[in-house]
Amino acid sequence: MAITGNPALLPELDLEFLNEKGFDCEVVPANGEVRIVIPNFPIPAHYSLRLATFMLRLPSGYPNANPDMFWTSPDVRLVNGAYPQNSDYHDPTAGNWQRWSRHDQSWRAGTDTLRSKIASVRRELEAGR
């Protein structure tokens, strides 16, 4: 397990979580945000791939600001070949990754962390929509 790039950009609780879960990941500053890229992120059986590279974009002001959506590469589709709901856009600001437009309004500013955000992403992926 290794956190590469610039892990000092993350709060200590997030680094502890990433280490605890054994994620290999890269922490990269980009355009006023911090991007966390996790290769080999597990994708549930509802989808065409079982592993994809996963990215979160932490906005300026995180953890008070909600990391609203998530991104995958390569494209992840449902087993029937369709794009999951609100995930057919390829975001040029993210390097043309597949954007999953999921607006989680439950974010608690200053309380939630990568642990809660990735749990939210996993719940969304498990829903298979």
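Miscellaneous remarks
- Check on Arg35, open to solvent by 40 Å² or more (accessible area, probe 1.4 Å), touching a strand residue (DSSP E or B) at 6+ places or on another chain (Cβ under 9 Å), of a type in the set (D, E, K, R) and not in a loop (DSSP other than H, G, I, E, B): no
- Within the range 93-101, at least one residue is modelled with pLDDT under 95, open to solvent by 40 Å² or more (accessible area, probe 1.4 Å) and at negative phi.
- Pairs, first closer than 15 Å to Asn64 by Cβ in the range 8-36, second open to solvent by 60 Å² or more (accessible area, probe 1.4 Å) and modelled with pLDDT under 95, C-beta under 7 Å, six or more apart: Gly32/Ser60; Glu33/Ser60
- Filter pass, Asn80 being under 26 Å from Arg108 (Cα atoms), in a loop (DSSP other than H, G, I, E, B), open to solvent by 30 Å² or more (accessible area, probe 1.4 Å) and of a type in the set (S, T, N, Q): no
- Test: residue in the range 7-23 that is in a strand (DSSP E or B), over 19 Å from Asp112 (Cβ atoms), out of contact with any helix residue (DSSP H, G or I) (no Cβ under 7 Å at 6 or more places or on another chain) and open to solvent by 40 Å² or more (accessible area, probe 1.4 Å): no
- On inspection, Ser120 qualifies as polar (S, T, N, Q), under 24 Å from Ala2 (Cα atoms) and surrounded by 14 or more Cβ atoms within 10 Å (Cβ to Cβ).
- Among (1) over 21 Å from Ser60 (Cβ atoms); (2) surrounded by 11 or more Cβ atoms within 10 Å (Cβ to Cβ); (3) modelled with pLDDT of 90 or more - the single one Ala109 does not satisfy: (1)
- Sub-6 Å Cβ pairs linking a first residue in the range 38-51 that is under 18 Å from Gly81 (Cβ atoms) to a second residue that is modelled with pLDDT of 95 or more and among the basic types (Lys, Arg), at least 6 apart or interchain, are Ile43/Arg50; Ser48/Arg77, ordered by first then second residue.
- Search result, residues across the range 48-75 that are part of a loop (DSSP other than H, G, I, E, B), closer than 27 Å to Pro7 by Cα and of a type in the set (A, V, I, L, M): Ala65, Met69
- Filter result (touching a residue at least 60 places away in the same chain (Cβ under 8 Å), outside any loop (DSSP other than H, G, I, E, B) and more than 13 Å from Met55 (Cα to Cα)) within the range 97-117: Arg115
The values are calculated or read from the model by the stated rules, or taken from the named source; none is laboratory data. Small disclaimer: the values here were computed from a predicted structure and weren't measured. Neighbour counts are summed over all protein chains in view; Cβ atoms, including those assigned to glycine, are modelled from backbone coordinates with ideal geometry. Just the protein is used for accessible areas: all its heavy atoms, side chains included, with ligands, DNA and RNA removed. Shrake-Rupley method; radii C 1.70, N 1.55, O 1.52, S 1.80 Å.
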